[in-house]
Structure formats: structure tokens, C-alpha cells
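**Student:** Sharing a structure, written as C-alpha cells. Questions coming.
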Amino acid sequence: MYSSIATVCLSGSLEEKVDAIAQAGFEGLELFENDLTAFAGTPREAGELIRSRGLKLVTLQPFRDFEGLQGRARERAFDRAEHKFDLMEELGTDLLMACSTVHPDALPGISRAADDFFELGERAAKRQLRVAYEALAWGRHIHDYRDSWEVVRRAAHPHVGLVLDTFHIFSRQTELGTLGRIPGDRIFLVQTADAPRLSMDHLSWSRHYRCFPGQGELQMDRFMAMLDETRYDGPLSHEIFNDVFRMGHSDQTARDGLRSYHLLRSMQSDSGIPAPQPIESVAFLEIAVEPEDLTPLRELLSALGMACVGRHHTLDAERWAAGDVNLVLNTESSFTGRVPGRDATAVTAIGLRVGNAYEAFKRADKLGYEIVEPEDVGASHRMSALRNVDGSLSYIIDDSQLSRTWDREFPLERQPVPQGSLVDIDHISVALSYHDYLSLMLQYRAIFQLEVTPSFDVTDPRGLIQSQVLQNGNGRFRLALNASASPDTASNRFVRQYGGSGVHHIALSTTSLRDASAALHKANTPMLPIPSNYYRDLAARFDLPAQTHAWMQEHHILFDQDAHGDFHQLYTQPNHKAFFIELVQREGYQGLGAPNAFVRVTAQQRLEAARAASDIDSDTGERPA
Ligand SMILES: O=C(O)c1ccc(O)c(O)c1
Ligand SMILES: [Mg+2]
């Protein structure tokens, strides 16, 4: 098998698309005819352009509404095909991809379609060309791969073969048993696409929401296992119609496309790529701290029950800890691990704990991810990292490395790690541009073994925010990805204000939100104010003791409940850092408090608007003297 991608996946002109596809390292491409029609040069020049970049032109597509016609209309369909054959000869490709007809006059019948394709095969053979047939999920008569296969089988022509497109197969929930029994040499093209599970008509779903395998919810691993059985050995070609890809940066999309191709190959039995491992927990977060934020941040962490337990042996960096929470505050002015273009106090790295870091990096490398070695960032530690799409780093470490790092880099000072009510990093929430959203989704899901919860919309006062949670099985790793098409939602305000995507908040879990909120209150930590209407609504929704209810309202605590238990949450104010801290107490509860998210984003928006409107200095929270 070899890698290929359809030009329809990318934004830009044909030249830009071909460049991005070649740069990413693909071997072939499918030319979408629109890209040729809009191209300023001749078809011959288009073909030369593609070959000059070392790419194989896999197919010209799509050829529409061919089969099932009668009389003059049928003759016209064959004439159209001959025109495409002319084009193909000039372009230098031997394969025409035909999709099942949606023509209102097309007649049904497998045998009729097979006869049409036999005749087309005869004409193609005269010119040493081939034709491949695809069942569109919304085809008028043929919309099931088993029927398109039956057409190809009955046409029984060596120049006529089958196209398998994962979107059409899965969107109709067709069984895959038949697929495994198709001889691989009768399949001329395999098109790969993933998609979120949506309930809408097939055509709209396909034309707007496809995504790369690894970004959606279709069972690509099952498809790859069945494809293995056919012994197919042709192009594995992404065909993604996606509104975000059409807007986005072709280079980034094409790079992710090739990683997704390697991900598919890793699902095959003989791939030689190590299996994905679960992320066991978040070992630490590193925060680049602006000098003026250091004291307030230390005060906040102290109020949370954390303590500085070590100082870096050579750099201006401190390790703050409590329970399993570890934060590294880095105040080096020349800190090379900073996210480029971001000069606020912000999260610059995340430490992901796995069972075997070496195997995880081997997998990441085979999938085409860039690995940052310690010397690349001038670090004295020995941890390697992935470069995230926002410029931040994801260290991947195992236990032996982690204890060595703490011991060697941050000699223990004064006290041991406090073991109070603060337990762990409960979840991390990231705000992303839409384009980065799919990119980071792929990175996590391709490299690690994670569960994906269905995506949901948060109603921000300025628009919808799409949110999706990636988590491990044990509840110790949860990452919420957030993106929005509206420019002024909370996630996009972050992206605009802080020079791109990044960590938007850090949630810490506690065994006693009562103690934690009392300590924050005592330290005069400003909380995100929650309106009283929220508490009236809570009283209506839940049967809460009056005292508990009053305590929540007084301390701005939000509440939710699911079949597994209770959830309490509390937000601090960002106070001009790029991120803010959330505290949660969960008693079996599985989610992240999604039903409360609209109240939180509205409260944040109100606070920011009030700051902007008043003469309150947004840095100090005080009025200038
Ligand atoms: O949406 C379409 O029309 C279309 C065209 C060509 C394909 O290969 C396909 O899967 C869909
Ligand atoms: Mg297709």
C-alpha cells in the first residue's frame, strides 16, 4: 500500500495543494476535477507539475451520473467518458473514478449497471486506461459497497474495479464481512475518511464533516483489519471534505494527513509500530511566569495547600507540589521553552506519564511527529518531548525518569511534598483555533490509547464553543479541547489575546472543597462570581440541604450530579494570567461539569467586560492613584 490524498482535502490553488502534499511526504494524489478546471495551465502542465514534485497521479475524479441511462442520454454518458479519457491521457493517469449515479433518469438494476461498466471497460482498455466504481452513500440506486462490488463482479472486466470509501461504508452502517472476501486486485482504490457520528443526511454529513482517520468516531481499525484480508496493495488515499480544512493551512493539514496515514498502517498486523499506551497521569505542568505574576501566583498556590518543595539547581525555576500535583514555575527571562509569541504567564509544557516512554516516542516518530530533544531547548534535564501545535511541549516520561528529574534537577528543599486535601490534576482545558483543534486531537489519539467522549456545544454569550474530552480509563488524565467559529467566545478571546492556542485552565481535584474554599477565602483570593439565578435553578433541579446550598452560593461553587455521584467546582479569576485555576471535588462523577459551562463562560465574559469598561487596572485589579 502507499500513501495518497485527494486535492479536495486542502485549501489553496492546485500549485499550493501539490506543494503541500509533496512537502508532507505523500507518494500519490487524487486530482479533483474542479482543481484542474480552475487551473490556468493545460492538463499536460498539471500532470507535469504533479510529477515534477515526485508525486504519482493516482486518479482523476469524480466522473458522475454514468450508469443506468438509456438511448441518447446513454450515448452522451459514453461521450463524456471519452472526453475524460482524453484528459487522462494528457494528465498522465490511467484511472478514472466513477461514483454511483444520482441522475433522476437513471434506471435501477445491477445487471444494467454491470453492462454499462463492461462497455466502458472495453473502451478504457483500448486506451490502456482503467475505471473504478464507488457507491456514494446517497447514490440513487447504488449506495452500498456490496452492490457496487456486485456491479464490478458482474462486469467482469479487467479494466473495471472497485473503490472502497470508508465514509460511505460506515455512514450507512454496512456490515464489513463481505469486504474481507473481495479479492484485493479487484479493488482499484481505497479512500479513507473518518467523521464524527452525526444524525443528518448523508450528503451534508459527507461534504462538511469528514475528517482524517483518528479525528472522528468511525471504526477505522475494523476497516483496516478487513482490508488486510483482501490483500489489497494499492493507494490508501484520504478523501476529506471538511469546512475547516478548506479554510486552513494546507501545510499543516497535509502533514496531519500523512500522520493519519501512518496511523492507519499501524492498525495492520505487520506494521512494526509499537502499540499505543494509555497516559497514566499528568506528571507536571510547566508555567512560564512573568516577574510581576510570581508573587500572586505563589500566594494562590500556597492558599491551595501547595508548597515550594525544590528549586532548580541552575535555573530560576521552582517546583511547587501537593499530593500528585506538580507545577514548575519558570521565571528565566531567556526561557527557551516559552511558547513563541506569548508573553503572558502561561503553561508552556505538560508532562505525560506513560508506562514506557521509549516505546511511546518510537510510535510518535513512526507516525511522523517531531521529537524535541533536551539539547534542542537548551535543557539540563534528559526528557524528550513532542512539539504541540501551539508551540508548547508535551514531555513523555515514565516513572524512573520522573524521579530522576525531580531529584537531580530540583533538589528537595525544606519540606516533603504536602499531602493535604489537594489530590491531583483533575483535567486540563485547552482553547484552540478550529484548525489546531483537529490537529491536537489527532496527535493525542494517534500516539496514545485514549477514550473520546462525544463532543458537545457550550453556549457562550458570543457564540457556540465545541468541546470534546479525551481521557484515559483510570480518571487520572482528562483533556478538554475547545474551539469555536465565533470570534469573541471565551476560547477565541484566549487564542487572540495570547497569540494562539494553549492551556486555558487547570483543574485540580480536592477531597474537601469546603476546606479549600475556606482557605482561598481567608487568603482573599478573588473567585469567579456566580449569579444568584444559578442557585435558584440549582434549588429547583436538585434536592440539596439548605445549608449546603447556602455554602455553595456564598463561595461561588457550582454543582452537578450524574448516575455515579456528585461534582462540585469552583473557579478562580485569571487575574491577567493566560490561564485560571479550577478546583473540583468529585464523588464518582464522570464528567467535567459540562452543564455548568455556560454559566462559567458568561460570568467570565461579564467580568472581562466590566474590567474593560471601568478604569480598573486589569493588571493589578486596582484603580490607579
Ligand atoms: O461528495 C461527492 O460528490 C463525492 C465525490 C467523490 C467521492 O469519492 C466521494 O466520496 C464523494
Ligand atoms: Mg469517495
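The values are calculated or read from the model by the stated rules, or taken from the named source; none is laboratory data. Just so it is clear, the model here is predicted, and its values are computed rather than measured. Every residue, glycine as well, gets a Cβ built from its backbone with ideal geometry; the counts of neighbours run over all protein chains shown. Note: accessible area is taken over every heavy atom of the protein model, side chains too, but ligands, DNA and RNA are not part of it. Shrake-Rupley method; radii C 1.70, N 1.55, O 1.52, S 1.80 Å.
**Student:** Look through segment 438-486, keep the residues that are closer than 20 Å to H208 by Cβ and small (G, A, S), and return whichever of them is most open to solvent (accessible area, probe 1.4 Å).
**Tutor:** A485
**Student:** When both residues are 6+ apart or on different chains and their Cβ atoms are under 6 Å apart, which pairs have a first residue that lies in segment 568-585 and is touching a residue at least 60 places away in the same chain (Cβ under 8 Å), and a second that is surrounded by 22 or more Cβ atoms within 10 Å (Cβ to Cβ) and assigned to a loop (DSSP other than H, G, I, E, B)?
**Tutor:** Within 6 Å, the pairs are K577/T345; A578/Y498.
**Student:** Kindly list, by first and then second residue, each pair from a residue in segment 241-268 that is farther than 22 Å from R222 by Cβ and modelled with pLDDT under 95 to a residue that is open to solvent by 10 Å² or more (accessible area, probe 1.4 Å) and not in a helix (DSSP H, G or I), limited to pairs with Cβ atoms under 7 Å and residues at least 6 apart or on different chains.
**Tutor:** F245/S11; R246/S11; M247/S11; G248/S11
**Student:** Looking at E451, E409, which one is closer than 25 Å to T345 by Cβ and touching a residue at least 12 places away in the same chain (Cβ under 8 Å)?
**Tutor:** E409
**Student:** Would you call T178 farther than 25 Å from I21 by Cα, touching a Gly at 6+ places or on another chain (Cβ under 7 Å) and modelled with pLDDT of 95 or more?
**Tutor:** So T178 does not fit the description; no.
**Student:** Sticking with this structure for a sec: Can you name the residue in segment 192-203 that is of a type in the set (D, E, K, R) and out of contact with any strand residue (DSSP E or B) (no Cβ under 9 Å at 6 or more places or on another chain) and, of all such residues, is nearest to ligand 2 (Cβ to nearest atom)?
**Tutor:** Out of the qualifying residues, it is D201.
**Student:** Could I ask something else about it? Only one of (1) within 16 Å of ligand 1 (Cβ to nearest atom); (2) in a helix (DSSP H, G or I) is not met by E67, so which one is it?
**Tutor:** (2)
**Student:** Out of curiosity, is L393 open to solvent by 20 Å² or more (accessible area, probe 1.4 Å), within 15 Å of V328 (Cβ to Cβ) and touching a residue at least 24 places away in the same chain (Cβ under 8 Å)?
**Tutor:** No, not satisfied.
**Student:** Checking S403 against (1) in contact with a helix residue (DSSP H, G or I) (Cβ under 9 Å, 6 or more places away or on another chain); (2) open to solvent by 10 Å² or more (accessible area, probe 1.4 Å); (3) of a type in the set (G, A, S), only one condition comes out false. Which one?
**Tutor:** (1)
**Student:** Failed condition for D233, given (1) open to solvent by 40 Å² or more (accessible area, probe 1.4 Å); (2) under 19 Å from A137 (Cα atoms); (3) in a loop (DSSP other than H, G, I, E, B); (4) not hydroxyl-bearing (S, T, Y), with all others met?
**Tutor:** Unmet for D233, out of (1) open to solvent by 40 Å² or more (accessible area, probe 1.4 Å); (2) under 19 Å from A137 (Cα atoms); (3) in a loop (DSSP other than H, G, I, E, B); (4) not hydroxyl-bearing (S, T, Y): (2).
**Student:** With the requirement that a residue be within 16 Å of ligand 2 (Cβ to nearest atom), farther than 15 Å from G234 by Cα, open to solvent by less than 10 Å² (accessible area, probe 1.4 Å) and outside any helix (DSSP H, G or I), what does segment 174-190 give you?
**Tutor:** none
**Student:** With the condition being open to solvent by 20 Å² or more (accessible area, probe 1.4 Å) and in contact with a helix residue (DSSP H, G or I) (Cβ under 8 Å, 6 or more places away or on another chain), I'd like the strands (runs of 3 or more DSSP E) fully within segment 516-595 carrying at least 1 qualifying residues.
**Tutor:** Here the list reads 565-571, 580-587.
**Student:** Sticking with this one: Return the residues of segment 192-232 that are among the basic types (K, R), touching a residue at least 40 places away in the same chain (Cβ under 8 Å) and either closer than 11 Å to T166 by Cβ or within 16 Å of ligand 1 (Cβ to nearest atom) (or both); say none if nothing qualifies.
**Tutor:** R210, R222
Okay, residues lined up against (1) open to solvent by less than 20 Å² (accessible area, probe 1.4 Å); (2) within 16 Å of ligand 2 (Cβ to nearest atom):
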{"position": "E16", "(1), (2)": "no, no"}
{"position": "G28", "(1), (2)": "yes, yes"}
{"position": "N34", "(1), (2)": "no, yes"}
{"position": "E45", "(1), (2)": "no, no"}
{"position": "E48", "(1), (2)": "no, no"}
{"position": "L60", "(1), (2)": "yes, yes"}
{"position": "R72", "(1), (2)": "no, no"}
{"position": "R76", "(1), (2)": "no, no"}
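**Student:** OK, next. Which is farther than 25 Å from D144 by Cβ, of a type in the set (A, V, I, L, M) and within 16 Å of ligand 1 (Cβ to nearest atom), of L49, L91, L36?
**Tutor:** L36
**Student:** For segment 204-217, indicate whether the set of residues that are open to solvent by 10 Å² or more (accessible area, probe 1.4 Å), outside any strand (DSSP E or B) and within 12 Å of ligand 2 (Cβ to nearest atom) is non-empty.
**Tutor:** yes
**Student:** Another question, then. If only one of V152, V163 is among the β-branched types (V, I, T), within 15 Å of ligand 1 (Cβ to nearest atom) and crowded, with 22+ Cβ neighbours inside 10 Å, which one is it?
**Tutor:** Just one listed residue meets the conditions, V163.
**Student:** Those residues that are within 16 Å of ligand 2 (Cβ to nearest atom) and either part of a helix (DSSP H, G or I) or more than 21 Å from G234 (Cβ to Cβ) (or both), I need them from segment 152-173; list them, please.
**Tutor:** Matches in segment 152-173: V152, T166, F167, H168, I169, F170, S171, R172.
**Student:** Being under 17 Å from F85 (Cβ atoms) and part of a strand (DSSP E or B) is the filter here; which residues of segment 53-64 pass it?
**Tutor:** If the condition is that a residue be under 17 Å from F85 (Cβ atoms) and part of a strand (DSSP E or B), then L57, V58, T59, L60, Q61, P62, F63 are the ones that fit.
**Student:** If you check every pair at least six apart or on different chains, which have Cβ atoms under 7 Å apart with a residue in segment 150-165 that is under 23 Å from L203 (Cα atoms) first and a residue that is among the acidic types (D, E) and within 16 Å of ligand 1 (Cβ to nearest atom) second?
**Tutor:** Within 7 Å, the pairs are V163/E134; D165/E134; D165/E239.
**Student:** Among (1) in contact with a helix residue (DSSP H, G or I) (Cβ under 7 Å, 6 or more places away or on another chain); (2) more than 16 Å from ligand 2 (Cβ to nearest atom); (3) hydrophobic (A, V, I, L, M, F, W, C), which single condition is A125 missing?
**Tutor:** (1)
**Student:** Additional query: Please verify whether segment 287-307 includes one or more residues that are within 27 Å of L164 (Cβ to Cβ) and either within 16 Å of ligand 2 (Cβ to nearest atom) or touching a residue at least 24 places away in the same chain (Cβ under 8 Å) (or both).
**Tutor:** no
**Student:** Right, next: Note down all Cβ pairs under 8 Å where the first residue falls in segment 540-555 and is under 14 Å from L570 (Cβ atoms), the second is assigned to a loop (DSSP other than H, G, I, E, B), and they're at least six residues apart or on different chains.
**Tutor:** M552/L544; Q553/I530
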